[in-house]
Amino acid sequence: MNFDLLITHGTVVTADATFTADLAIDAGKIAAILPPNSSSSVALGVAARETRDASGCYVIPGAIDAHVHLNMPTGVGYTADDWCTGTSAAAMGGVTALIDFVETEPDESLLQALEKRLGETHDAIIDFGLHMTIQPDEHPVNGIPRRVSAKRIAEIKQVYDAGCATFKMYMAYPGFQVQDMDLFRALRAIAEVNGLACIHAENGDVIEVLRQSEICDPALALNHARTRPTINEHEAVTRAVMCAEVSGARVLIFHIGCEHAARVVADAKLRGLSHIYGETCPQYLVLTEDALARPDGRLYVCAPPLRPQADQDAMWRMLASRALDIVSTDHCPFTLAQKDKGSADFRQAPGGMPGIETRLGLLHEYGVRRGRLSLNDWVRICSTRPAEIHGMNQKGRVAVGYDADIVIFDPKARKNLTPRELHSAIDWSAYNGLTCTGWPRDVIARGDFVVRDQRLCASPARGRFIRRSF
Ligand SMILES: [Zn+2]
């Protein structure tokens, strides 16, 4: 038995088990899981081009970040990470696959938009999928489209067949917000192809009125949270879950940050609705709305907003109990100069938080090490469930035949989350001052080392588009 790579003496952690084993990797796949030390046994005839010692480390399936925004056009220019810097930072943090988005213009088809977006992804160093955004394309009011055309909805099947099996819809943001009637029509079409809808659930109409109201002092970034109260998020999640239940569509509620909203998903599961899922993000697990009250509060503008401590505590409980399924980052990086557009008026600050590199480390530090998650929960939440929910059928597991996407995670390595220590193209860190004990040492993607001893060593442009299906 001759393999490309043997990973020896590590503690393999999967979503349901922890055991010592040696892993054999060949032709980009996991070829064998061997009893410890058998790979060094000459008698068994096991040999490899390279043997990598993982003593003292966890050997886990590569993390999957199913919600990032690289090179996305916004009112303040593009998000700061392109496909090279973004996927490099991701890899340094133990991510071996991610999912970004396709946004569409009213005068192009969804397939044309997909082709165009794929044309921007050449520099990706890890594999990636794309979510298709379904946004209004007709009946403009003041130049902003308000309705989703029947033609658009009819295109959903073509896009699914092209490997873009998940669809994003916004219930907030002028220009992106879909009305309930269109949301529901799209969900019926998504149910028909057995795709997945990912929903940004906030009541956008109420938010827009509050943001323009006299009680909203734009100098105070904390008003970002006050104009997006938890009951607003709760209402929209309830409406989205109702639409999912009635249409039968599989629905993932994106970036849940408050207990009331998470409970709606938990209750749906208790009622047996196993096609409804919930995502939260590191910012809701590690930060609170206190960050918005600081002088640099504009940096922490994201939607839904950061919440009080009680909601943060609830998010951890909801993850451990499986009421919430996964943690993605919603990485949406802006430089200080871009964020400074909101210095005097938080409504002008581009919304979004960085985090593509720090999720696995933060969940280990604040989840596993603080006793809120088991090691197996950690792997389930960061890797195995994201792969299952988003249709990455070759990823997310340490199992024979799966892609050899592996992280060798050193639980003793210390990492300061300063901008200097991180690799995103931004000049600040949302987690500055925090230290993680435990960090990815080596990252292997389809059998290739992309990070070795915490140093990037990926060959350029090696990432591939993952055609997903269910
Ligand atoms: Zn997002």
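Laboratory data are not the source of any read-out in this text; all were calculated from the coordinates shown. The shown structure was predicted, so the numbers you read here are calculated from the model rather than taken from an experiment. Note: ideal-geometry Cβ built from the backbone for every residue, glycine included; neighbour counts use all protein chains shown.
Miscellaneous remarks
- Phi to ³J(HN,Hα) by Karplus 6.51 cos²θ - 1.76 cosθ + 1.60 over the range 411-423, Hz, x for Gly, Pro: x, 9, 5, 9, 9, 8, 8, 8, x, 5, 8, 10, 10
- Within-15-Å neighbourhood charge of residue 435 [Cβ basis; K, R +1; D, E -1]: +2
- Cα-based shape type of the range 319-358, given that a ≥ b ≥ c are square roots of the gyration tensor eigenvalues and the cut on a/c is 1.5: prolate
- Helical mean residue ellipticity (222 nm; -39500 (n - 2.57) per DSSP H run of 4+; nearest 500) of the chain: -7000 deg cm²/dmol
- Extension gain for residue 208-residue 344 works out to 47.1 nm (0.36 nm per residue, less the C-alpha to C-alpha distance).
- Net +/- balance of residues flanking residue 177 in space, Cβ distance below 10 Å, scoring K and R +1, D and E -1: -3
- Near residue 32, the amide H atoms lying under 5 Å from its own belong to 24; only residues 5 or more places off or on other chains count, and H is placed 1.01 Å from N.
- Span from the the range 46-97 Cα centroid across to the the range 186-256 one, whole angstrom: 29 Å
- If both residues of a DSSP beta bridge must be in the chain, then about 45% of such bridges are antiparallel.
- Summary of the geometry: the range 391-429 and the range 127-172, compared by the centres of their Cα atoms, lie 31 Å apart.
- Set 116/168; 116/151; 29/168 screened for pairs whose C-alpha atoms are more than 22 Å apart: 29/168
- Of the peptides 321-332, 89-100, 424-435, the order by per-residue mean of other Cβ atoms within 10 Å, starting with the highest, comes out as 89-100, 321-332, 424-435.
- Peptide ranges 137-146, 74-83, 189-198, 26-35 listed from the most packed, as the mean C-beta count within 10 angstrom indicates: 189-198, 74-83, 26-35, 137-146
- For the range 56-119, the list of GluC sites (Glu not before Pro) that fall in a loop by DSSP and count at most 13 other C-beta atoms within 10 angstrom reads 108.
- By average C-beta atoms within 10 angstrom, highest first, the peptides 305-312, 163-170: 163-170, 305-312
- Other-chain or far-sequence residues with amide H under 5 Å of residue 302's (modelled H): 352
- Residues residue 454 and residue 17, FRET efficiency given R0 of 25 Å [Cβ-Cβ distance, rounded to 0.05]: 0.40
- Cα gyration tensor shape of the range 62-389, rounded if a/c is under 1.5, else prolate or oblate by comparing a/b with b/c: rounded
- Of the trypsin sites (Lys or Arg not before Pro) found in the range 367-458, those that fall in a DSSP loop while having at most 12 other beta-carbon atoms within 10 Å are 370.
- Amide H contacts for residue 137 (H built 1.01 Å from N in the peptide plane; partners 5 or more residues away or on another chain; cut-off under 5 Å): 147, 148, 149.
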